[in-house]
Amino acid sequence: MIYGERIRFRGAERSDLPTFVRWINDPEVTAGLGMYRPFSLAEEDGWFERMLARPPDEHVMVIEAKTTGKGDEEGWKLIGTCGFAPIDWRNRAAEFGINIGEKGYWNQGYGTEAVRLLCQHGFETLNLNRIFLRVLNTNLRAIRTYEKAGFTHEVRMRQAEFRNGEYIDMLVMGILREEF
Ligand SMILES: CC(C)(COP(=O)(O)OP(=O)(O)OC[C@H]1O[C@@H](n2cnc3c(N)ncnc32)[C@H](O)[C@@H]1OP(=O)(O)O)[C@@H](O)C(=O)NCCC(=O)NCCS
């Protein structure tokens, strides 16, 4: 496990897949992601197998939030996923992705904490030098999250993605070890 203040990362289990499928079939969640069509549990199962065949440091990690409040049982609640893929070991650079699929946890700082914790893991454990991501120009919540976590706007890929009948720009944002 990798522990932050209010969150922790653990490995993804096969039993998590129905929750992942619920998230990636929610249009509000996928508006900011690469998914554009319905996903079945069988397809997700295939993705899980391919993911396990990748190098261990590229495996998806689950984000869990500490639950101590009323109503919730004390413990850990599965709220999202994140991970590096691919990792370029020669250049010590990696792209990452994040999805907080539980919408009730948006806008409470969990995304920023998860990005910072992932960067800490990347820079201080995996010994990376550069971490970057791609984000749709329309995903204002995500862009703000990465800015808060210390990422710099690096590139605008014009009309990179076709969504809802129009082309959208894709931004590349990055952070270097010396900036973290
Ligand atoms: C993007 C994501 C990781 C952010 O996580 P989060 O926990 O909601 O983010 P945080 O609460 O840490 O920060 C969100 C910030 O965006 C701001 N924000 C929210 N909606 C916004 C909008 N429409 N315009 C501008 N800023 C917005 C919030 O106010 C907050 O900033 P603040 O702290 O300065 O007020 C999460 O919402 C998510 O996974 N969404 C679905 C999948 C996705 O889009 N993944 C990213 C793909 S690149």
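The values are calculated or read from the model by the stated rules, or taken from the named source; none is laboratory data. Computed from a prediction, not measured in an experiment: that's the story for all the values here. Because the Cβ atoms are built from the backbone with ideal geometry, glycine has one as well, and the counts that use them run over all protein chains shown. These area figures cover heavy atoms from the full protein model, side chains too; ligands, DNA and RNA do not enter into them. Shrake-Rupley method; radii C 1.70, N 1.55, O 1.52, S 1.80 Å.
A few notes on this one:
- Exclusive hit being more than 7 Å from the ligand (Cβ to nearest atom) and open to solvent by 60 Å² or more (accessible area, probe 1.4 Å), set N107, N127, N137: N127
Residues checked against (1) within 15 Å of the ligand (Cβ to nearest atom); (2) farther than 20 Å from M1 by Cβ:
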| site | (1), (2) |
| --- | --- |
| D16 | no, no |
| T19 | yes, no |
| W23 | yes, yes |
| L33 | yes, yes |
| E49 | no, yes |
| L52 | no, no |
| P56 | no, no |
| E64 | yes, no |
| T67 | no, no |
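- Residue list for segment 89-104, restricted to those being within 28 Å of R158 (Cα to Cα) and surrounded by 16 or more Cβ atoms within 10 Å (Cβ to Cβ): R92, A93, A94, E95, F96, G97, I98, N99, I100, G101
- In segment 141-159, the residues that are touching a residue at least 12 places away in the same chain (Cβ under 8 Å) and under 22 Å from Q108 (Cα atoms) reach residues that are more than 11 Å from the ligand (Cβ to nearest atom) and open to solvent by 20 Å² or more (accessible area, probe 1.4 Å) with C-beta atoms within less than 7 angstrom, at least six apart or across chains, in these pairs: G150/E179; G150/F180.
- Total residues in segment 113-124, condition open to solvent by 10 Å² or more (accessible area, probe 1.4 Å) and within 13 Å of the ligand (Cβ to nearest atom): 3
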